[in-house]
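The values are calculated or read from the model by the stated rules, or taken from the named source; none is laboratory data. In this text the structure is predicted, and so the values were computed from the model without any measurement. Ideal geometry is used to build each Cβ from the backbone, glycine not excepted, and the neighbour counts take in all protein chains shown. For the accessible areas, the whole protein counts, side chains as well, though only heavy atoms, and no ligand, DNA or RNA atoms are used. Shrake-Rupley method; radii C 1.70, N 1.55, O 1.52, S 1.80 Å.
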Amino acid sequence: MNKGKVDVLLGLQWGDEGKGKVVDVLTPQYDVIARFQGGPNAGHTLEFEGQKYVLRSIPSGIFQGGKINIIGNGVVMAPDLFMEEAKDLERSGHDLRDRLYISKKAHLIMPTHRVLDAALEAAKGKGKVGTTGKGIGPTYTDKISRNGLRIGDIFDDFERKYLEHKARHEKMLSQLGYTNYDISEVEKKWMEGIEYVKQFHIVDSEHEINKLLNEGKSILCEGAQGTMLDVDFGSYPFVTSSNTICAGACTGLGIGPNKIGEVYGIMKAYCTRVGAGPFPTELFDETGAKIRQLGHEYGAVTGRERRCGWVDLVALRYSVMVNGVTKLIMMKSDVLDSFDTIKACVAYKKEGKEIDYFPYDIEKDLEPVYVELPGWNTDMTSMTEESQFPQAFKDYVAFIEKQLNTPIVIISIGPDRQQTIIRQ
């Protein structure tokens with residue numbers, strides 16, 4: 001029997017690496033695109049044919065006709081936000097009903113989860129994580145404590161289950177002294193979203209995916225956020241609430257580890273971070289502001305300003321290791337087109353000693369050790385093949401490949417589909 005293949009595509013930094021665009025570019029090679037973790041706090045921005053789209057829960061393969069798109073069990077879903085997102089896509093001419101499958105085991109983000117998110121963040125005071133307030137953390141907390149509501153529950157005595165969960169949340173909010181909220185309007189929209197979700201293929205996604213594999217189909221697993229936000233391996237506690245690394249594709253979709261083939265790791269030519277938490281190469285000067293401006297570094301969903309800095313090769317080596325990355329994809333290379341000098345962090349200085357690994361206590365007194373490389377001062381945005389790249393940029397690419405011991409196979413030089421150089 002011709003067995004299919006599963007490749008994984010994920011971010012290697014603190015998210016916002018441009019996964020959506022790359023999934024869209026790679027989708028023609030696959031039959032199925034499957035999202036394996038995260039919630040609607042992670043926006044994937046895609047631009048093509050003069051249109052800009054922001055996806056929150058729907059896999060980025062939805063724009064390529066005839067592909068199956070699966071929202072896996074590892075995802076948490078807000079039905080009201082999903083409904084808005086899906087209706088926007090339908091209005092722009094993209095038919096979702098036949099091509100989008102949703103796992104029965106995906107957990108539901110309730111309106112009270114969002115209120116809990118705000119209440120718990122407020123209670124932390126100075127120790128705030130910097131969440132988006134979308135209820136992601138409390139939903140995963142309920143999942144792990146075995147108190148969650150799942151998509152499959154909407155077909156069986158749902159009203160009772162919903163009211164029981166809501167009452168438990170309200171009790172928690174009362175105990176936190178957080179009582180000044182009103183979810184009545186949100187709740188109406190949320191219930192409307194529940195009815196809307198029922199129109200889609202609600203499936204046992206682990207059976208569906210393995211059936212497709214046995215039929216010889218090829219699957220691309222799409223992560224949200226980035227490796228450095230993984231709940232186990234990221235800069236804890238300033239992380240998301242799910243496993244963003246390659247192993248998360250197995251648990252978030254029900255795929256055996258032996259099925260995984262290529263692992264595509266996406267990185268920017270520099271580095272960004274949203275929200276609170278350590279960021280060793282962050283720039284607080286004009287250079288950081290220039291990168292933000294040129295890279296349009298603002299959250300796709302939240303609009304939040306992203307913190308910007310030089311590329312951190314210590315953190316990237318760690319990400320390559322924990323994910324088993326086989327191929328690298330470098331995004332936003334064009335943002336560095338006008339710099340005279342480019343810096344790359346190759347080690348950290350910690351308590352007077354130089355270290356080349358990512359430590360447990362990353363938030364404490366880490367000083368980046370930089371290598372300076374010449375900039376290329378060339379506008380690369382209209383280039384169509386690798387041979388046109390300036391030598392200084394080729395040298396930068398070769399330097400990163402050597403440091404990470406992994407080939408860079410795709411280079412992005414702009415937001416459009418066409419501004420993508422696939423290396424031979």
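Restricting attention to strands (runs of 3 or more DSSP E) lying wholly within the range 186-292, give those where 3 or more residues are under 14 Å from the mean Cα position of the chain (by Cα) and at pLDDT 95 or above.
260-268
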Report task. Considering only the range 92-103, state which residues are in a loop (DSSP other than H, G, I, E, B) and open to solvent by less than 50 Å² (accessible area, probe 1.4 Å). Result -> His94, Leu96, Arg99
Report task. Answer yes or no as to whether Phe233 is open to solvent by 10 Å² or more (accessible area, probe 1.4 Å) and closer than 18 Å to Gly309 by Cα. Result -> no
Report summary line: (1) more than 21 Å from Gly15 (Cβ to Cβ); (2) in contact with a strand residue (DSSP E or B) (Cβ under 6 Å, 6 or more places away or on another chain); (3) in contact (Cβ under 8 Å) with a residue 40 or more places away in the chain all hold for Val311 apart from (1)
Query raised in the report: Gly148: of a type in the set (Gly, Ala, Ser), modelled with pLDDT of 95 or more and crowded, with 16+ Cβ neighbours inside 10 Å, yes or no?
Result: yes
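Quick grid of which residues meet (1) touching a residue at least 60 places away in the same chain (Cβ under 8 Å); (2) surrounded by fewer than 19 Cβ atoms within 10 Å (Cβ to Cβ); (3) farther than 16 Å from Ile202 by Cβ; (4) touching an Asp or Glu at 6+ places or on another chain (Cβ under 6 Å):
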residue	(1), (2), (3), (4)
Gly66	no, yes, yes, no
Asp80	yes, no, yes, no
Met110	yes, no, yes, no
Ala119	no, no, yes, no
Ala122	no, yes, yes, no
Requested in this report: Check Ala344, Ala392, Ala398 and return the single one that is open to solvent by 40 Å² or more (accessible area, probe 1.4 Å), among the aliphatic types (A, V, I, L, M) and not in a loop (DSSP other than H, G, I, E, B).
Outcome: Ala398
Report summary line: Filter the range 267-291 for residues that are under 20 Å from Pro237 (Cβ atoms) and among the aliphatic types (A, V, I, L, M); the one that is surrounded by the most Cβ atoms within 10 Å (Cβ to Cβ) is Val274
Report summary line: Going through the range 57-91 in order, the residues found to be part of a loop (DSSP other than H, G, I, E, B) and modelled with pLDDT of 85 or more are Ser57, Ile58, Pro59, Lys67, Gly72, Asn73, Gly74, Ala78
Query raised in the report: Does Ile362 satisfy the criteria of being part of a helix (DSSP H, G or I) and either at pLDDT below 95 or over 22 Å from Lys402 (Cα atoms) (or both)?
Result: no
